[in-house]
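Here is the structure we will look at.
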Amino acid sequence: MEVEFTSLPGFRLRLVAIHDGDEDSYVTNDWNITPRNIHHCYEQRWDKEKEKRVKVSKYIGRVTSKGIKTRDTLKIRGSYEYGNVCLLNSLAKSSKLSSRLEEVFGADWESMLVFAMNRVINPLLLKSVQSWTEKTYLSKELTNLHISPKSLSSLLKRIGVGDQLRFFRLLLKERVSLIYDLSFILSQSQSLLFAERGYNKDHLFLPQVNLALGFSHPEKLPAFLRIVPGSVRDISTLVNSVEEMGLSRGIMVTDTGFFSRTNLEHLIKRGLSFIIPCKRNSRLVPQITVLSKNFFMYRGRAIKHTETEAEELHLYLFEDTRLGCEEETTYYTLIEQGKRKFKEGDMKIFGRISLLSDLADSPQQIYLMYKSREEIEVAFNLLKNVMEVDRTYLRDNESLSGYLFINFISLYLYYFVLNLLQKEELNSKLSVRDLLLELSKIYVVESEGKELISGIPKKANCLIQLLGYDLFPKLRES
């Protein structure tokens, strides 16, 4: 095709043609056009203020076999951030999270899911969630969204008094082994009845709200989240959590803070197995000076072990030699600083862990199940530092309950992506946020009544292939 341009006196015309991603510039009056797309016509004019020539551009259109399509025939209606939200939405559907939310919360489920996705990708204040959604493909794909600041405030109240318990019980039907622990968030709100002064590991005597979290060990997914008044101690929350969630089978793994005869009897009555560490001064723990020569390796260090019985239950005794040296060093440091006095019996407990259980299993397996508690510490860290649940300004119990439930859904989505990375052994090189950031560079563009995937960056395309997951069905359609 041949296109002619005539320069005006005192002006130079420049045509920029884009073909296969490369830009070619021409300055001449004789044109022999072969590239597919003509994007801009540039004029150079003299700028009196800058005292130099400046470039003025004008969009021409796109070269086709029938001529140049101008702005009137080529209509780009918008572009939408697609890759990151597509991954989260796809995982929500394949895991039945979307269908369960719809089953329990009805028409609110889409708004809840969008709000939860925002907490995973880029946590924003309620007033900004709608603007974020409008620039993503979620605004096109989900049709029943009500996410204005006022709508979200009403949504949180409805969720707070809604049937969260029913949703948790749907998740718990498929869980076998649960890790249970308690954490807290601080709040200075005078109208939050849950915010009370209580004990915490940071020794901050401030109003707090306790969070009871159940985490499924084999699936590596959160299972439930309960709000507990800040003055309630750890030990008394276990029975209520078991009753509320209707737990009647599986294994409960807890920390020392939940060890009590009442808790043990209740778990046995409910038909739940358990692994609970005894306190080091417990009378159930025998005074064994030297453990047996049996051992196994855990993370590059030897763990000695032996097994005995205590009140018709199995008592597994472990000694971590490296941990023992660290605890002994800390012990003598405190004595030197005058913060502790030497006691002969203290030397016998360094590096020792005693686990009480009704399970008759290998000591190594019992130890590994107990050590899986580290996963719930990671989950609490994600809630506070990624979803930012400890930065809430809500002023009533219902809204706080709804807000924490949304963050639980966010945590659920986060672990879907994390498990996907771990499956492909990419988690050591790439975080969940890193992956979502790279995928956010993939856009859907509306043009001439069609939706097309934009060019996929090289790194994002490589990640898609490494994950081996059918992330973007629209790629096949385009």
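The values are calculated or read from the model by the stated rules, or taken from the named source; none is laboratory data. Owing to the predicted nature of the structure, the values given are computational and were not obtained by experimental measurement. Backbone-built Cβ (ideal geometry, glycine too); neighbour counts: all protein chains shown.
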Within 24 Å of Thr392 (Cβ to Cβ), of a type outside the set (S, T, N, Q), modelled with pLDDT of 90 or more and not in a loop (DSSP other than H, G, I, E, B) - does that describe any residue in the stretch 96-103?
-> yes
Filtered residues of the stretch 205-232 (kept if closer than 22 Å to Asn381 by Cβ, outside any strand (DSSP E or B) and of a type outside the set (A, V, I, L, M, F, W, C)) = His217, Pro218, Glu219, Lys220, Gly230
All strands (runs of 3 or more DSSP E) inside the stretch 257-331 with 3 or more residues being out of contact with any Leu (no Cβ under 9 Å at 6 or more places or on another chain) | 295-298
Any chance you could count how many residues in the stretch 47-95 are in a strand (DSSP E or B), at pLDDT 70 or above and hydrophobic (A, V, I, L, M, F, W, C)?
-> 1
Quick one: which of Ser139, Ser148 is closer than 14 Å to Val85 by Cα, among the polar types (S, T, N, Q) and either in contact with a Lys or Arg (Cβ under 9 Å, 6 or more places away or on another chain) or surrounded by fewer than 20 Cβ atoms within 10 Å (Cβ to Cβ) (or both)?
-> Ser139
Sort out which residues of the stretch 101-113 are within 19 Å of the chain's Cα centre (by Cα) and either under 14 Å from Ser148 (Cβ atoms) or touching a residue at least 12 places away in the same chain (Cβ under 8 Å) (or both), and write them in order of number.
-> Leu101, Glu110, Ser111, Met112, Leu113
Is it the case that the stretch 320-339 has a residue that's closer than 30 Å to Leu272 by Cβ and surrounded by 14 or more Cβ atoms within 10 Å (Cβ to Cβ)?
-> yes
Within the stretch 218-236, restricting attention to residues that are under 19 Å from Ser177 (Cβ atoms) and out of contact with any helix residue (DSSP H, G or I) (no Cβ under 7 Å at 6 or more places or on another chain), which residue is surrounded by the fewest Cβ atoms within 10 Å (Cβ to Cβ)?
-> Pro218
Within the stretch 404-423, track down each residue that is of a type in the set (Phe, Trp, Tyr) and closer than 14 Å to Leu436 by Cβ.
-> Tyr414, Tyr415, Phe416
Taking the stretch 409-451 on its own, how many of its residues are part of a strand (DSSP E or B) and surrounded by fewer than 15 Cβ atoms within 10 Å (Cβ to Cβ)?
-> 2
First in the stretch 379-408 and part of a loop (DSSP other than H, G, I, E, B), second anywhere and among the aromatic types (Phe, Trp, Tyr) and at pLDDT below 90, Cβ under 9 Å, 6 or more apart = Asp390/Phe184
When the residues of the stretch 114-146 are filtered to those that are β-branched (Val, Ile, Thr) and closer than 17 Å to Leu404 by Cα, which remaining residue is nearest to the chain's Cα centre (by Cα)?
-> Val120
